[in-house]
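Trainee: Got a structure for you, questions after.
All of the numbers you see were taken from the coordinates with simple rules; none came from a lab. What you see is a predicted model, and the numbers here were worked out from it, not measured in a lab. Cβ placement follows ideal geometry from the backbone for every residue including glycine, while neighbour counts extend to all protein chains displayed.
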Amino acid sequence: MSKKNLNIKIDELESALGTFKGLQIQIGRLIDEEWEEPMGPTPFPSVATLRNWDRKLLDRYKPFYMPFCDLCCLCTYGKCDLTAGKTGACGISQESQQSRIVMIACCIGASTHAAHGRHMLDHLLEEYGADTRLDVALNTNVEAPHVRLVCGFKPKTIGDLEVALDYVETQIV
């Protein structure tokens with residue numbers, strides 16, 4: 001999969017460019033993949049890139065927000081009635097309020113699932129070790145489809161999952 005924290009130290013190097021003394025090169029991760037699909041255009045995307053993915057989806061599919069509350073209670077202006085086309089004191093509409101509630105719920109869910117994933121992964125690492133190979137179920141067409149799509153690699157060991165979870169913890173939650 002990938003190799004982390006490659007450090008190269010050269011005491012002295014003479015080249016056509018000049019003489020370099022105390023040269024130190026650090027590379028965070030080298031990806032060494034051997035799988036049949038080409039790597040996607042944005043492995044380990046930043047939040048800005050994920051925002052572009054979201055916009056693409058929103059352009060393609062109109063969101064549906066099921067109103068479960070006609071009030072907005074999220075700011076200090078007080079409870080605002082958003083029924084019948086009314087807007088809140090800040091100008092928020094019913095549709096915007098519902099999308100905000102859905103986003104908050106998604107953030108809570110992503111954080112909860114990431115924390116649970118970390119707990120499970122820590123247990124697996126302690127119990128079996130990072131080099132234990134992943135054994136997927138029979139009739140599995142694509143192993144770890146979310147990791148492959150978003151992170152751009154096919155996890156082969158339990159340790160590989162830590163790379164994906166580290167990404168989730170830093171970029172998603």
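Trainee: On a 0 to 90° scale, report how tilted helix 158-167 is relative to the longest principal axis of the chain, with both axes built from alpha carbons and the result rounded to the nearest 10.
Mentor: Helix 158-167 sits roughly 50 degrees off the main axis of the chain.
Trainee: Further, regarding this structure: Report, by chain and number, residues whose modeled amide H sits under 5 Å from the one on Thr157, excluding near sequence neighbours (fewer than 5 apart, same chain).
Mentor: So Thr157 has HN proximity to Leu134.
Trainee: Taking K and R as +1 and D and E as -1, what net charge do the other residues with C-beta under 12 Å from the C-beta of Gly117 add up to?
Mentor: -3
Trainee: Summing Lys, Arg as +1 and Asp, Glu as -1, what charge do residues with Cβ under 13 Å from the Cβ of Leu82 carry, Leu82 excluded?
Mentor: 0
Trainee: Only Lys, Arg, Asp and Glu count, each charged at its Cβ (+1, +1, -1, -1), so figure out the dipole size of the chain about its Cα centre, rounded to 20 debye.
Mentor: Approximately 840 debye in magnitude.
Trainee: Follow-up question, since we're still on this one. What spacing in nm lies between the two simple spin-label points modelled at Cys90 and Tyr167, each 7 Å away from Cα in the Cβ direction?
Mentor: 3.3 nm
Trainee: While we're on this one: Measure nothing but the geometry: give the 0 to 90° angle between the long axis through the Cα atoms of 94-128 and the longest principal axis through the Cα atoms of the chain, rounded to 10°.
Mentor: Tilt relative to the chain: about 30 degrees.
Trainee: Run the count for the chain, please: Lys pairs, Cα-Cα under 17 angstrom, 8 or more apart or on different chains.
Mentor: Pairs that pass both the separation and distance tests number 5.
Trainee: So how tilted is helix 47-60 from the main axis of the chain? Cα-based, degrees 0 to 90, rounded to 10.
Mentor: That works out to roughly 50 degrees.
Trainee: Sticking with this structure for a sec: Applying 1/(1 + (r/R0)^6) with R0 = 35 Å to the Cβ-Cβ distance of His123 and Arg55, what FRET efficiency is obtained, to the nearest 0.05?
Mentor: Efficiency, from the Cβ-Cβ distance: 0.40.
Trainee: Where in region 42-74 does the label zone of Cys106 land, with the point 7 angstrom along Cα→C-beta and an amide N cut-off under 15 Å?
Mentor: Flagged as within label range: 47-66.
Trainee: Assuming R0 = 35 Å, what is the FRET efficiency of Thr83 and Leu134, from their Cβ-Cβ distance, to the nearest 0.05?
Mentor: 0.10
Trainee: Just one of (i) 18.1, 63; (ii) 23.4, 76; (iii) 16.0, 59 is Rg and Dmax of the Cα atoms in Å as worked out from the coordinates here. Which one is it?
Mentor: (ii)
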